[in-house]
Amino acid sequence: MHLQRSPDIPQLQPLLRWLLPGVVVVGFLLARLFPFQAIPPLCPFRRFAGLPCIGCGGTRSWVHMAHLRISEAFTQSPLGAVLFIAAALMVLYLGARSTGLLPAWRLHTSRTEAMGLRIMLGALLLTHWLYLLLSGVAA
């Protein structure tokens, strides 16, 4: 597995170049300003099964991250906190790439490595869901 600079990857279409970071920035602003705590949980899986889904607590985690309450965000939903950081990094990368400051990068994997990454991702998602079930923070 290796990361390779790829000058042959074309720039994003102008609409996507601004739309993707714009959606993330609006999400950051909503997490910072909207009173999410005033609305009840809307998760259909939780209503049906009475258990948190794998994404439960994600919105609350983003709200905590937007208010720089990082430990609370990771306690509420480790996956949500990591996705917040990934989204912030994506906005920075797309901005730098769109202005020509950074090149495009591509991760090259063999079939075996790709399968291993998928298995690890599945195990991480299962671990996250078990954390939500056992910790009770998403209740």
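Coordinate-derived values only; no laboratory data. Fair warning: this is a prediction, and the values are worked out from it, not measured in the lab. Cβ placement follows ideal geometry from the backbone for every residue including glycine, while neighbour counts extend to all protein chains displayed.
The Rg/Rh ratio of the chain, with Rg taken over Cα atoms and Rh as the Kirkwood radius over Cα pairs, comes to 1.03.
In the chain, helices alone account for a calculated mean residue ellipticity at 222 nm of -20500 deg cm²/dmol, with every DSSP H run of four or more residues adding -39,500 (n - 2.57).
Extent along the principal axes, Cα only, for the range 73-139: 46, 32, 10 Å, with the longest axis given first.
Applying 1/(1 + (r/R0)^6) with r as the Cβ-Cβ distance of Phe74 and Ala38 and R0 = 25 angstrom yields a FRET efficiency of 0.60.
When each of Met65, Met115 is scored by the number of other beta-carbon atoms lying within 10 Å, the sequence from fewest to most is Met115, Met65.
One way to sum up the overall shape of the range 33-99 is the equivalent ellipsoid from its Cα gyration tensor, whose semi-axes run 26, 13, 12 Å, largest first. Over all other residues within a Cβ to Cβ distance under 12 Å of Ser61, the charged ones net out to +1, with Lys and Arg as +1 and Asp and Glu as -1. In the range 48-139, Cα pairs under 8 Å separated by at least six residues give a relative contact order of 37 percent.
Taken as Cα centroids, the range 55-92 and the range 22-37 sit 12 Å apart, rounded to the nearest whole angstrom.
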